[in-house]
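The values are calculated or read from the model by the stated rules, or taken from the named source; none is laboratory data. Model, not experiment: these values are computed from the prediction. Ideal geometry is used to build each Cβ from the backbone, glycine not excepted, and the neighbour counts take in all protein chains shown.
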Amino acid sequence: MSAKDTAQERATAATSDELRLTFPLTDLDALRALHVGQKVRLDGHIIGIRDATQIRIFDRGVQPPLDLTGAALIHTAPGVRKLADGSYEKVCIGTTTSTRMNRFTQGLLRDYGVRAIIGKAGLLPDSIPYLKEFGGCYFAITGGAAALETTQIEAIEEVYWEDLMPECLWKFRVRDFGPLTVAMDSHGKSLYEDVQERAQARLRELTARL
């Protein structure tokens, strides 16, 4: 891999306050350069995944039908329309809450080389050590932004495990996808934990005044 390729994969400035990444990564340590609070936009491909897909992989022991090394996964069960040629047309592709899929994080990072997860509401604190160990990040997307997300997905290129519809594995080609917020990074930091700590501190202050 050339120095130029590495530089392009690492977070390069998209604007004065946003970073741009292309997925899948070939440098699996590229996301270690990111820190919570940064804004990112994604190009390339992201993989749609949901509860049923991960249950098949981890609880049923079925190998995923595509390589997830360096991938960014998005928690979604998209609304689509199947066309006469068997391909799928996007209708509305939103993002679901990630917390209930937290238990799959370690396996995705360790066994399959996933490096980014996109969703709402964050992962649980016990996923933080895995992000730190494997150089992963959690990217938070704004709730209710499905219409915008859909326009930033250029095409549905592949669909695997259609029997799980709509909780299949989806390969989306994206351009300028975001902005997303680095909400959990590989340095042990989490915006969700920070908010909880500030809320608890504020609660203690209010209680002390009573």
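Tallying residues that are touching a Gly at 6+ places or on another chain (Cβ under 7 Å) and at pLDDT below 95 within the stretch 1-59 yields 1. Filtering the stretch 66-91 to residues that are free of Cβ contacts under 8 Å to residues at least 12 places away in the same chain and closer than 28 Å to T142 by Cβ leaves only R81. Mind checking whether some residue in the stretch 60-70 is crowded, with 19+ Cβ neighbours inside 10 Å, of a type in the set (A, V, I, L, M, F, W, C) and over 20 Å from E133 (Cβ atoms)? Checking the stretch 60-70: not a single residue is crowded, with 19+ Cβ neighbours inside 10 Å, of a type in the set (A, V, I, L, M, F, W, C) and over 20 Å from E133 (Cβ atoms). Cβ separations smaller than 8 Å between residues 6+ apart or across chains give the following pairs from the stretch 154-169 residues that are among the aromatic types (F, W, Y) to residues that are assigned to a loop (DSSP other than H, G, I, E, B): Y160/P64; Y160/P65; Y160/L66; Y160/C168; W161/P65; W161/C168. Among the residues of the stretch 170-184, are any at pLDDT 95 or above, in a loop (DSSP other than H, G, I, E, B) and surrounded by 17 or more Cβ atoms within 10 Å (Cβ to Cβ)? Within the stretch 170-184, not a single residue is at pLDDT 95 or above, in a loop (DSSP other than H, G, I, E, B) and surrounded by 17 or more Cβ atoms within 10 Å (Cβ to Cβ).
The single residue among L124, L191, L131 that is surrounded by 14 or more Cβ atoms within 10 Å (Cβ to Cβ) and either at pLDDT below 95 or among the small types (G, A, S) (or both) turns out to be L191. For the stretch 79-100, the set of residues classified as among the hydroxyl-bearing types (S, T, Y), farther than 29 Å from S127 by Cβ and outside any strand (DSSP E or B) consists of S87 only. Here D111 meets each of (1) part of a helix (DSSP H, G or I); (2) under 23 Å from T69 (Cα atoms); (3) touching a residue at least 12 places away in the same chain (Cβ under 8 Å) with one exception, condition (3). With respect to the stated conditions, R41 fails to be surrounded by 15 or more Cβ atoms within 10 Å (Cβ to Cβ), basic (K, R), at negative phi and not in a strand (DSSP E or B).
All told, V159 falls short of being modelled with pLDDT of 95 or more, buried (at least 17 other Cβ atoms within 10 Å of the Cβ), closer than 26 Å to K90 by Cα and touching a helix residue (DSSP H, G or I) at 6+ places or on another chain (Cβ under 6 Å).
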